[in-house]
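**Student:** Below you'll find the structure I mean.
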Amino acid sequence: MYHVGGSAVVWIEAFTNSGWVAFEPISTSHYHDYAQLLSIILYTALASLLLMIPWVIGYYVYYYLSRRS
């Protein structure tokens, strides 16, 4: 993360077949209202947590069944 002209810029680098590629996960330049940006971030976090529920249930079922045998 770095600051440019009072704005924070965040980017992620991923290693691909072409080498290291930098990209912005969420481009903040399109959002002038921080409430809109915050709602997008919170929605993404909530969706990620909801998608984790089947994995957590599966883990506990596996754990329970493995302890019974």
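The values are calculated or read from the model by the stated rules, or taken from the named source; none is laboratory data. Predicted, not measured: the structure shown is a model, and the values here were computed from it. Every residue, glycine as well, gets a Cβ built from its backbone with ideal geometry; the counts of neighbours run over all protein chains shown.
**Student:** Somewhere in segment 29-42, is a residue at pLDDT 85 or above, out of contact with any helix residue (DSSP H, G or I) (no Cβ under 6 Å at 6 or more places or on another chain) and in a helix (DSSP H, G or I)?
**Tutor:** Yes: segment 29-42 contains one or more residues that are at pLDDT 85 or above, out of contact with any helix residue (DSSP H, G or I) (no Cβ under 6 Å at 6 or more places or on another chain) and in a helix (DSSP H, G or I).
**Student:** Please verify whether ILE57 is of a type in the set (A, V, I, L, M) and at pLDDT below 85, treating the condition exactly as stated.
**Tutor:** The answer is no for ILE57.
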